[in-house]
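Asks: One structure, pasted below without further comment.
The values are calculated or read from the model by the stated rules, or taken from the named source; none is laboratory data. Because the structure is a prediction, the values reported are computed rather than measured. Note: ideal-geometry Cβ built from the backbone for every residue, glycine included; neighbour counts use all protein chains shown. Remember, those area values only see protein heavy atoms, side chains included, never the ligands or the DNA or RNA. Shrake-Rupley method; radii C 1.70, N 1.55, O 1.52, S 1.80 Å.
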Amino acid sequence: MSKDLIIGTAGHIDHGKTTLIKALTGQDTDRLAEEKKRGISIELGFGYLKLNNDLKVGIIDVPGHEKFIKNMLAGAAGVDLALLVIAADEGFMAQTQEHMDILNMLNVKEGIIVISKIDLVDEEWLELVIEDVKEKVSDTFLAGVPVVKVSSVENRGLEELKKEIRKKIEVIPPKSTERNVYMPVDRVFTVQGYGTVVTGTLMDGVIKKEDKLMLYPTEINTRVRSIQVHNEQVEEALPGQRVGINLTGTDKSEVKRGDVLASPQSLQKTRILAVSLQIIPSLDFVLKHGDRIRFHLGAREVMGRVYIFNKKELFPGEKAFVQFRLEEEIVANFREHYVIRRYSPMTTIGGGIILDTKPTYYKKSKGRVLEILETFSEGNDLDIVATILQLADKESVTLNALIKKSGLSKKYLQEKLKELEQKNRIVSLNTGTDSSWIHFDNYQIVKVEIINYIKEYHRKYHLRPGVPKNEIKVKLSMKLDNTEYNVLIKKIVDEGEIIVKGSTLSLPGFIVKYKPEEKEIRDKMLKLYTENKFNPPDRNTIMNKFENKDIVEEIYASLINEDILLQISEGIFIHIDVLEEAEKMLKDFLTKNETIELGQFRDMLGSSRKYALPLLEFFDREGVTVRKGDKRELYL
């Protein structure tokens, strides 16, 4: 677990956010010449606050002007503790409200209200401002939080603010280090002699020097040359830290703000997202099905349209599950928080969490869509993984696919899969590097398909011992590779539901039964073989002896399957009793004589070379005889 975290400012333009950070840290977060010239923040500013010898926390200073909300959103996504800065001389303003709404949508749970510029007002006015602010935040995450009065120019209230920050840090839970690496990139630049550097807030996972990572959505492989946290070189970066990563093998032109640095093969590109959406209560318009919106995720802004499940419009304060269809490809982490804004005018509409980055099941699962999304929204990890597998009813799901879908790390996910197997909620079809699973319900469906197919096959072809194993595989509704299919069949066999007979599958208790008319044909057919012994009829001769060719074909095949007619050579079949008789005659002859020639064997059988030679070659293959030149002798 990691206790690193990010403090982020929020508030209206010119309410003293940057000045406050400088007073707290000694660092000027306005780095652009234009910012210094105009006296306002345009871009994100970064710094750190040293609270004691062991504790440093990252700080993100966001621009307050409404024109730069896009930049504000790029920094706000990773904030753990918000400082809502409100100037005492102006009070609660439009961007104060919008920033607060955004923080609320991004699920920031901890905050401190900072009343700045107290040196510009008297005590009576100050109390009125504080009272008004408390009323306005009463139904938000800032309800009941500490209110600290400061003057950055007079250094008043700064120590009290630091004290409140320390208290908040103590209650913020540590972050797990077990998830995949996920870091939205908010800055890209080059350093002479080092190359490309990207910065961002590390949301999940641990980044170490020499780690191989991937840039998304371009899916460019890259490697970590060095890591910097709070202006210091470190061996690893932990979740919740502001991180600078020097990448090797990656050009600056290949990366842009909004890209994501993540574990290789841990994310999937998409233009369609299923999400939960909460509309801001104070919104002054109705969101309609199909409206064009601005979608903000991490440091990325993409245009798209919103489609509401089971509704045509959403009113202020309402919640719903919706689908976004975006105009560009992005990547997203499962349950990552996002914000949407109107296309025009650019005001914040609401936000929520990502539930599915590949929602391909909605048409076929129309009646269950809300139930599925509810599980993704509120369910535990076990239920989520099980639901992902249940939805994949046409194919198995690999470990890599589950990692991309769930956002869980490989190690943790494997533990959950093992637990689900033990509870008989899923079935493993492959192990090792190609591990794959299906949901138990889907296994039951496929099992019934197989049993029903065999049952129908027995009805249709009652003289055949079973269905060719590979024939069923291509008929299944679920696409499986050979290994998965064999594991599936073995499981059904182990359950006693089907039986394997060589290369065929049959149901328990099934036996070949001849109808009276079929038995009559069978007996006549066998008689032709027993009477003609060592000059057996070929297939065409048999077919021409009877009228119903389809039935004769099935009976002929059945006699072969029953090992009554044995193939000794291409197109030559002989009755098992006749074959055993020929073997006995051959052994008796060779017991009295050391060798036998083809002509002798032919004459002994009263046959011809056409049948005598294949018989001798058959006995050679079976280890009865061994050929030496033109003669044969018993194999010892």
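Asks: Output the Cα-based Rg and Dmax of segment 387-447 in Å, rounding Rg to one decimal and Dmax to a whole number.
Replies: For segment 387-447, the Cα radius of gyration and maximum Cα-Cα distance read 10.6, 31 Å.
Asks: So how do HIS296, HIS337 rank on accessible area, 1.4 Å probe, biggest first, that is with the largest at the start?
Replies: Numbers: HIS296 10, HIS337 50 Å².
Largest to smallest exposure gives the sequence HIS337, HIS296.
Asks: At 0.36 nm per residue, and after removing the present C-alpha to C-alpha distance, how many nm does the segment from SER282 to LEU507 gain when stretched out fully?
Replies: Gain in length upon complete extension: 74.4 nm.
Asks: Taking K and R as +1 and D and E as -1, what net charge do the other residues with C-beta under 14 Å from the C-beta of TYR453 add up to?
Replies: Working: positive: LYS447, LYS455, ARG459, LYS460, ARG464, LYS469, LYS473, LYS475; negative: GLU449, GLU456, GLU471, GLU497.
With Lys, Arg at +1 and Asp, Glu at -1, the neighbours total +4.
Asks: Lys and Arg at +1, Asp and Glu at -1: add these up for the other residues within a Cβ distance under 11 Å of VAL188 and post the number.
Replies: Details: positive: ARG187, LYS252, LYS256, ARG257; negative: ASP186, ASP251, GLU254, ASP259.
Here the charged neighbours net out to 0.
Asks: Once the other residues with Cβ under 13 Å from the Cβ of ASP538 are scored (Lys, Arg +1; Asp, Glu -1), what is the net sum? Each step should come with its number before you reach the end.
Replies: Details: positive: ARG539, LYS545, LYS610; negative: GLU570.
Net of charged neighbours comes to +2.
Asks: Right, next: What Kirkwood radius, in Å to one decimal, follows from the Cα pairs of segment 190-314?
Replies: Numbers: mean 1/r = 0.0593 Å⁻¹.
This gives a value of 16.9 Å.
Asks: Whole Å is fine, so just give me how far the alpha carbon centre of segment 441-518 lies from that of segment 325-353.
Replies: Taking the Cα centre of each part, segment 441-518 and segment 325-353 sit 49 Å apart.
Asks: Could you order ASP523, ASP577 so the one with the most accessible surface comes first? Probe is 1.4 Å. Write down the numbers at each step before the final one.
Replies: Values: ASP523 70, ASP577 90 Å².
Highest to lowest solvent-accessible surface, that is ASP577, ASP523.
Asks: Compute the FRET efficiency between LYS455 and LYS479 as 1/(1 + (r/R0)^6), taking r as their Cβ-Cβ distance and R0 = 25 Å, and round to the nearest 0.05.
Replies: Values: r = 23 Å, r/R0 = 0.91.
Step by step, r from the Cβ atoms, then E = 0.65.
Asks: Another question, then. Provide the packing ranking of 346-352, 316-322, i.e. peptides ordered by the mean count of other C-beta atoms within 10 Å per residue, highest first.
Replies: Values: 346-352: 21.9, 316-322: 17.6.
Listed from highest to lowest mean packing, they are 346-352, 316-322.
Asks: Here's something else I'd like to know. Length gain on complete extension for the stretch ASN535 to THR431, per 0.36 nm per residue less the alpha carbon to alpha carbon distance? If you can, show how the numbers build up before the last one.
Replies: Values: separation 104, 0.36 × 104 = 37.44 nm, distance 5.37 nm.
Stretched out fully, the ASN535 to THR431 stretch lengthens by 32.1 nm.
Asks: Just to be sure I understand the model, the point goes 7 Å from the Cα along the line to the Cβ. What's the resulting SER569 to GLN600 distance in nm?
Replies: Label-label distance for SER569 and GLN600, simple model: 2.0 nm.
Asks: Taking R0 as 60 Å, what's the FRET efficiency between THR25 and ASN486 from their Cβ-Cβ distance, rounded to 0.05? Intermediate results must be reported in sequence, preceding the final value.
Replies: Values: r = 63 Å, r/R0 = 1.06.
With R0 = 60 Å, the Cβ-Cβ based efficiency is 0.40.
Asks: Excluding residues on the same chain fewer than 8 positions from LYS423, give the aspartates and glutamates whose Cα lies under 20 Å from its Cα.
Replies: ASP381, ASP383, ASP393, GLU415, ASP441, ASP494, GLU495
Asks: Evaluate E = 1/(1 + (r/R0)^6) for ILE551 and LYS358, where r is the Cβ-Cβ distance and R0 equals 51 Å; express this FRET efficiency to the nearest 0.05.
Replies: 0.45
Asks: So how much slack lies between LYS209 and LEU636, counting 0.36 nm per residue of separation and subtracting their Cα-Cα distance, in nm? Intermediate values should be presented prior to the final figure.
Replies: Working: separation 427, 0.36 × 427 = 153.72 nm, distance 6.97 nm.
Between LYS209 and LEU636, full extension yields an extra 146.7 nm.
Asks: I would also like to ask the following. At what distance in nm do the modelled label points of LYS167 and GLU617 sit from each other, each positioned 7 Å from its Cα along Cα→Cβ?
Replies: That separation, rounded to one decimal, is 9.8 nm.
Asks: Using a 1.4 angstrom probe on the protein heavy atoms only, line up THR25, THR190 by accessible area, largest first.
Replies: On the way: THR25 35, THR190 80 Å².
Putting THR25, THR190 in descending order of accessible area: THR190, THR25.
Asks: If packing is taken as the average count of other Cβ atoms within 10 Å, what order do 268-275, 403-410, 218-225 fall into, highest mean first?
Replies: Output ranking for 268-275, 403-410, 218-225: 403-410, 268-275, 218-225.
Asks: Of the peptides 251-261, 594-604, 195-205, how do they stack up when ordered by the mean number of other Cβ atoms within 10 Å, highest first? Display every interim value, and only then the final one.
Replies: Working: 251-261: 18.4, 594-604: 15.0, 195-205: 22.5.
Listed from highest to lowest mean packing, they are 195-205, 251-261, 594-604.
Asks: With viscosity set to 1.567 mPa s at 4 °C, what whole-number translational diffusion coefficient in µm²/s follows for segment 521-632 from Stokes-Einstein and a Kirkwood radius over Cα pairs?
Replies: Working: Rh = 14.8 Å.
D = 88 µm²/s.
Asks: Okay, next question. Note down the nm distance, to one decimal, between modelled labels 7 Å out along Cα→Cβ at HIS289 and at LEU120.
Replies: 4.9
Asks: Can you tell me the Rg and the Dmax, both Å, for the Cα atoms in the chain?
Replies: Computed over the Cα atoms of the chain, radius of gyration and Dmax are 38.5, 131 Å.
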